[in-house]
1. Please specify each residue of the stretch 90-106 satisfying the condition of being touching a Lys or Arg at 6+ places or on another chain (Cβ under 8 Å) and in a loop (DSSP other than H, G, I, E, B).
2. His46 is checked against (1) out of contact with any Pro (no Cβ under 8 Å at 6 or more places or on another chain); (2) modelled with pLDDT under 95; (3) farther than 24 Å from Ile19 by Cβ and fails just one. What number does that condition carry?
3. Could you please give the count of residues in the stretch 69-103 that are within 23 Å of Ala15 (Cβ to Cβ) and among the polar types (S, T, N, Q)?
4. Filter the stretch 51-89 down to the residues that are buried (at least 17 other Cβ atoms within 10 Å of the Cβ) and either of a type in the set (Ser, Thr, Tyr) or assigned to a loop (DSSP other than H, G, I, E, B) (or both) and list them by number.
5. Residue check, Ile13 against (1) surrounded by 11 or more Cβ atoms within 10 Å (Cβ to Cβ); (2) modelled with pLDDT under 95; (3) β-branched (Val, Ile, Thr), all met but one. Which one?
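The values are calculated or read from the model by the stated rules, or taken from the named source; none is laboratory data. Fair warning: this is a prediction, and the values are worked out from it, not measured in the lab. Neighbour counts run over all protein chains shown; Cβ positions are idealised from the backbone, glycine included.
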Amino acid sequence: MAARIKKGDRVIIVAGRDIGKTGQVLGVFRDKDRVLVQGVNIIKRHTKPSQADPQGGIQTREASIHMSNVAHIDPGDGKATRIGFKIDEYGHKTRYAKRSGESIDG
């Protein structure tokens with residue numbers, strides 16, 4: 001499968017309880033088809049005190065979200081876009097936004 005979503009990409013949530021939120025991809029889990037997006041799908045974990053965390057308590061953090069629920073943000077207008085692939089003049093495969101035609105890989 002092609003690498004449409006990579007760590008560091010700017011994405012928008014298109015489905016679920018966080019619809020419309022934007023964030024940066026913190027991690028990609030290809031085997032489960034899930035991504036970790038900054039500030040999206042916040043969960044609370046009740047943790048026991050341990051040596052690493054002597055206080056314990058309730059911690060908030062991001063949980064992963066399915067790849068089908070996120071879309072890239074078009075660099076041109078900031079709206080959701082699909083991703084295409086093309087070969088540049090140097091023979092390198094690059095990703096581009098199908099909405100505006102701009103390159104995604106900086």
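1. Across the stretch 90-106, the qualifying residues are Lys98, Arg99, Ile104, Asp105.
2. Status for His46: all satisfied but (2).
3. 3
4. Ser64, Asp74, Thr81
5. (2)
This table checks each residue for (1) in a loop (DSSP other than H, G, I, E, B); (2) touching a Ser or Thr at 6+ places or on another chain (Cβ under 9 Å); (3) aliphatic (A, V, I, L, M).
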residue	(1), (2), (3)
Arg4	yes, no, no
Ala15	yes, yes, yes
Asp18	yes, no, no
Leu26	no, no, yes
Lys32	yes, yes, no
Val35	no, yes, yes
Ile43	no, yes, yes
